[in-house]
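What follows is a short report on a single structure.
The values are calculated or read from the model by the stated rules, or taken from the named source; none is laboratory data. All values reported here derive from a predicted model rather than from experimental measurement. Counting neighbours? That spans all protein chains shown, and the Cβs are built from the backbone with ideal geometry, glycine included. Just the protein is used for accessible areas: all its heavy atoms, side chains included, with ligands, DNA and RNA removed. Shrake-Rupley method; radii C 1.70, N 1.55, O 1.52, S 1.80 Å.
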Amino acid sequence: MRNVLLLAFSLLIAHEIFAQGNDTTGVWKEKDLNEVTVVSKSTTRRMAGAVNGAVITQDELFKAACCNLGESFTTNPSVDVNYSDAATGAKQIKLLGLSGTYVQMLTENLPNFRVAAAPYSLGYVPGPWMKSIQVSKGSASVRNGYESITGQIDVEYLKPDDDEGVTFNLYGNTMSKLEANADANVHVKGPLATEILAHFENDWGHHDRNKDGFVDMPSVRQYNLQNRWRSVGDHYIFHAGISLLKEDREGGQAGHHVHTDNPYLINIATDRYEAYMKHAFVLNKEHGTNIALMSNASMHVQDGSYGYKGYYVNQKNAYAQLMFETNFTKEHNLSAGLSLNHDYLHQNIKDTDPRMYDNIGIPYIYVYNPISHTTLIQKETTPGAYVQYTYNKDNRLILMGGVRIDHSDIYGTFVTPRVHVKYMPSDLVSFRLSAGKGYRTPFAYAENSNLLASGRILTVDNQLQQEEAWNYGISMAWLIPLFGNTLKLNTDYYYTDFKQQAVVDYEMSNHFISIHNLNGKSYSHTFQIDATYPLFKGMTVTAAYRLNDVKCAYGPDHKTMTKPLNSRYKGLLTASYKTPLGLWQFDATLQLNGGGRLPTPTLDGNDQALWPERFHSYEQLSAQVTRWFRHFSIYIGGENLTGFRQKNPIVNAHDPWSNLFDATMVWGPVQGAMGYIGVRINFGKL
């Protein structure tokens, strides 16, 4: 692979000399002088409304490989993406210091990738399919539901009615992963257009760099296909599509380091089917009066085995929303609507562990009997209604207040209020305030199936309560003229206070991972400051620092402790340079991840701790060089170039069938430096 990288780089240099001799100016050259093309220099921009957040454009996504949604936040200071364990490859987003279950995932304003899809959903959205990502912090608008607690992430796909053409992306890395993506769109007739998105990936490597007998990352083979339709008229807008996904994950013990006839294996097979439809009727363009009906439905089937444990889930979800919006005047906007969400989960949980355990004496905890097979049905139907009013005075003062009322057939009626304020006393400074509530229905096994990759028994309260939390935030942004350019400075602080929570607790017992209702305090404080400045033409630098204080009540005595496996702070420095003609682009990102607390160590047979009480800070460096041509680009880069990886991410790996085995104690990278190469090709109109 090293020879391939050197050969590709040599070809780039040779083509650069040839291109300059023939006056090739790459993607920036414009032949048609009858039109003016404006190229945005900003690849990440602030959201314009009252909600605090940012829009990550496709140009920003191109600064790294961005194979999927989970790898799209490398240069984002607000969002962290970490592995949940060292065996299944599950990833989770962290926003405001809390796990991704409190971030509402949307695809084009429709709630998506919920519950059973959550552990691996960051790999379900290929990077080349995305047009942009909107990341909002804190309580968001009530229009999209009640589940947003720490924020929302909304993915915008490529549009069928974009400029016609076919693009292709091919990617390979030194970890034996190959990925291919293609998208094609056709303007069928009039305003009607259709689009095909296709994705394939295969990781056939079985790398075990730390020689513990377990592959560093599972082998993943995925097929992903989506067909989208869109029609935009003067008074009617139609958008619909279907998607199919098939994925197989294989991990566990492998290679010549394993000397056993009974290896510990992990196999997870997933089939996902999804369809959505949107109708919008424009009643009055002058006042922006419209009625829209949006709906989607999905079936997510996942069958996993984790050593002697097994978990099967078939989740069916249906969602529909009817919304009305109008501007009474230029300053006054009203939005109202109805929604309906239905979840049905059929689950089979197996535990063929031959070991016997004593009763742990924790009340209201259900523990599996040895060699057990349990069928669990969970279903919930929640209709709701909302109203939201926005006052906008020349974009200087924006007041947005909303409330929704929902009724769960499990938890009854609950009310979700939210308010946002934005004030701009001048063009150089702006302030935002927010406060709001959020709710979640916990699905313990579906959302935490990766915890089965542990020798501990997973226990769950008989009746988990609905999660409930308040979120408060304040942010300030300045545009500071400095040395002929503009320094963009942002600061924000958020406080999340849980009234009820499903707590994942390692402190209850050395033999159990317990998911139980909160009994005590749970909160997070997050402070962040970031600055962006163009050092010179084509060169932009961003620096950021974030401090997290996340605590919760753990253990049988419900002691308030720092959340384990969570970095105390994060530093980020990114630099991006594009040459004047736009032929070359150089990007680098350096992350400093702070240390943190680990769960109370378990003792082995010699009364020695199996892991330390804390983990230390570590750095990660990624870099990429891109050469742009008229109809294609080639990129070469590397991730985790500092080479740091957690030394023993799997506890007691030599004896995976014991109760001391645990693959969930992950706080850092599980694999070292990795290089990659890729090509993006635009074939133009069909």
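What about residue 677, is it more than 26 Å from the chain's Cα centre (by Cα), assigned to a strand (DSSP E or B) and either at pLDDT 95 or above or of a type outside the set (Phe, Trp, Tyr) (or both)? Here the answer is no, as residue 677 does not meet what is asked. Residue 93 fulfils the conditions (1) open to solvent by less than 30 Å² (accessible area, probe 1.4 Å); (2) modelled with pLDDT under 90; (3) not in a strand (DSSP E or B) except for a single criterion, (3). Looking only at region 265-279, decide whether some residue is hydrophobic (A, V, I, L, M, F, W, C) and either open to solvent by less than 20 Å² (accessible area, probe 1.4 Å) or in contact with a helix residue (DSSP H, G or I) (Cβ under 9 Å, 6 or more places away or on another chain) (or both). So far as region 265-279 goes, yes, one or more of its residues are hydrophobic (A, V, I, L, M, F, W, C) and either open to solvent by less than 20 Å² (accessible area, probe 1.4 Å) or in contact with a helix residue (DSSP H, G or I) (Cβ under 9 Å, 6 or more places away or on another chain) (or both). Checking the stated criteria, residue 479 turns out not to satisfy the condition of being closer than 29 Å to residue 570 by Cβ, hydrophobic (A, V, I, L, M, F, W, C) and part of a helix (DSSP H, G or I). Within region 541-584, the set of residues being more than 20 Å from residue 82 (Cβ to Cβ), part of a loop (DSSP other than H, G, I, E, B) and in contact (Cβ under 8 Å) with a residue 60 or more places away in the chain comprises 556, 581, 582, 583.
From 569, 577, grab the single residue that is open to solvent by 40 Å² or more (accessible area, probe 1.4 Å), among the aromatic types (Phe, Trp, Tyr), closer than 25 Å to residue 522 by Cα and in contact with a Gly (Cβ under 6 Å, 6 or more places away or on another chain). Break it down into steps so the answer makes sense when it comes.
Values: 577 fails: closer than 25 Å to residue 522 by Cα.
Matching residue, one of 569, 577: 569.
Here the strands (runs of 3 or more DSSP E) wholly within region 116-220 that include at least 3 residues being over 30 Å from residue 434 (Cα atoms), in contact with an Asp or Glu (Cβ under 9 Å, 6 or more places away or on another chain) and touching a residue at least 12 places away in the same chain (Cβ under 8 Å) are 165-173, 177-189, 192-203.
Residues of region 580-601 that are under 24 Å from residue 553 (Cβ atoms) and open to solvent by less than 40 Å² (accessible area, probe 1.4 Å): 594, 595, 596, 597, 598, 599, 601.
Can residue 214 be described as touching a strand residue (DSSP E or B) at 6+ places or on another chain (Cβ under 8 Å) and over 17 Å from residue 88 (Cα atoms)?
Details: touching a strand residue (DSSP E or B) at 6+ places or on another chain (Cβ under 8 Å): yes; over 17 Å from residue 88 (Cα atoms): no.
So residue 214 fails the test.
When you go through 438, 402 one by one, which is the residue that is in contact with a helix residue (DSSP H, G or I) (Cβ under 7 Å, 6 or more places away or on another chain) and at pLDDT 95 or above? Walk me through how you get there before you give the answer.
Working: 438 fails: in contact with a helix residue (DSSP H, G or I) (Cβ under 7 Å, 6 or more places away or on another chain).
Within the list 438, 402, the selection yields 402.
Among the candidates 494, 554, 506, the residue that is among the aromatic types (Phe, Trp, Tyr), open to solvent by less than 30 Å² (accessible area, probe 1.4 Å) and more than 25 Å from the chain's Cα centre (by Cα) is uniquely 554.
Within region 183-213, how many residues turn out to be of a type in the set (Gly, Ala, Ser) and surrounded by fewer than 20 Cβ atoms within 10 Å (Cβ to Cβ)? Walk me through it before giving the result.
Narrowing region 183-213 to residues of a type in the set (Gly, Ala, Ser): 184, 190, 193, 198, 205, 213.
Still in the running and surrounded by fewer than 20 Cβ atoms within 10 Å (Cβ to Cβ): 184, 190, 198, 205.
The qualifying residues number 4.
With respect to residue 312, determine if the residue is open to solvent by 60 Å² or more (accessible area, probe 1.4 Å) and either touching a Leu at 6+ places or on another chain (Cβ under 7 Å) or among the hydroxyl-bearing types (Ser, Thr, Tyr) (or both). So residue 312 fits the description; yes.
Residue-level check: of (1) of a type outside the set (A, V, I, L, M, F, W, C); (2) closer than 30 Å to residue 659 by Cβ; (3) modelled with pLDDT of 95 or more, residue 352 misses just (3).
Return the only residue of 251, 241 being small (Gly, Ala, Ser), within 30 Å of residue 658 (Cα to Cα) and either assigned to a strand (DSSP E or B) or over 27 Å from the mean Cα position of the chain (by Cα) (or both).
Details: 241 fails: within 30 Å of residue 658 (Cα to Cα).
Unique residue meeting the criteria: 251.
The set of residues in region 631-674 that are among the hydrophobic types (A, V, I, L, M, F, W, C) and either open to solvent by less than 20 Å² (accessible area, probe 1.4 Å) or not in a loop (DSSP other than H, G, I, E, B) (or both) comprises 632, 634, 636, 650, 651, 653, 661, 663, 665, 666, 670, 674.
The single condition among (1) more than 25 Å from residue 504 (Cβ to Cβ); (2) part of a strand (DSSP E or B); (3) not polar (S, T, N, Q) that residue 63 does not satisfy is (2).
Which residues, counting only those in region 375-407, are in contact with a Pro (Cβ under 9 Å, 6 or more places away or on another chain) and either of a type in the set (Val, Ile, Thr) or open to solvent by less than 70 Å² (accessible area, probe 1.4 Å) (or both)? Don't jump to the end; show me each part of the working.
To start, the set of residues in region 375-407 that are in contact with a Pro (Cβ under 9 Å, 6 or more places away or on another chain) comprises 396, 401-404, 406-407.
Matches in region 375-407: 401, 402, 403, 404, 406.
Scanning region 602-630 for residues that are assigned to a loop (DSSP other than H, G, I, E, B) and open to solvent by less than 60 Å² (accessible area, probe 1.4 Å) yields 602, 604, 610, 611, 617, 629. Within region 621-675, the set of residues being farther than 17 Å from residue 66 by Cα and among the small types (Gly, Ala, Ser) comprises 643, 653, 658, 663, 668, 672. Against the criterion of being over 23 Å from residue 644 (Cα atoms), assigned to a loop (DSSP other than H, G, I, E, B) and of a type outside the set (Phe, Trp, Tyr), residue 260 qualifies. Does region 630-640 hold any residues that are at pLDDT 95 or above and hydrophobic (A, V, I, L, M, F, W, C), and which are they? Residues satisfying the conditions are 634, 636. Residues that are of a type in the set (A, V, I, L, M, F, W, C) and modelled with pLDDT of 90 or more within region 63-75 comprise 69, 73, listed in sequence order. Set side by side, the residues 505, 461 differ, and just one is out of contact with any Leu (no Cβ under 8 Å at 6 or more places or on another chain) and either within 16 Å of residue 101 (Cβ to Cβ) or without any contact (Cβ under 8 Å) to a residue 60 or more places away in the chain (or both), which is 505. Going residue by residue through region 231-238, is there one that turns out to be open to solvent by less than 40 Å² (accessible area, probe 1.4 Å) and not small (Gly, Ala, Ser)? No: region 231-238 contains no residue that is open to solvent by less than 40 Å² (accessible area, probe 1.4 Å) and not small (Gly, Ala, Ser).
Counting just the residues of region 418-430 that are under 27 Å from the mean Cα position of the chain (by Cα) and touching a residue at least 24 places away in the same chain (Cβ under 8 Å), which one comes out surrounded by the fewest Cβ atoms within 10 Å (Cβ to Cβ)? Steps first, answer last, please.
Filtering region 418-430 for residues under 27 Å from the mean Cα position of the chain (by Cα) gives 418-422.
Those left that are additionally touching a residue at least 24 places away in the same chain (Cβ under 8 Å): 418, 420-422.
Numbers: 418: 25, 420: 26, 421: 17, 422: 24.
The residue in question is 421.
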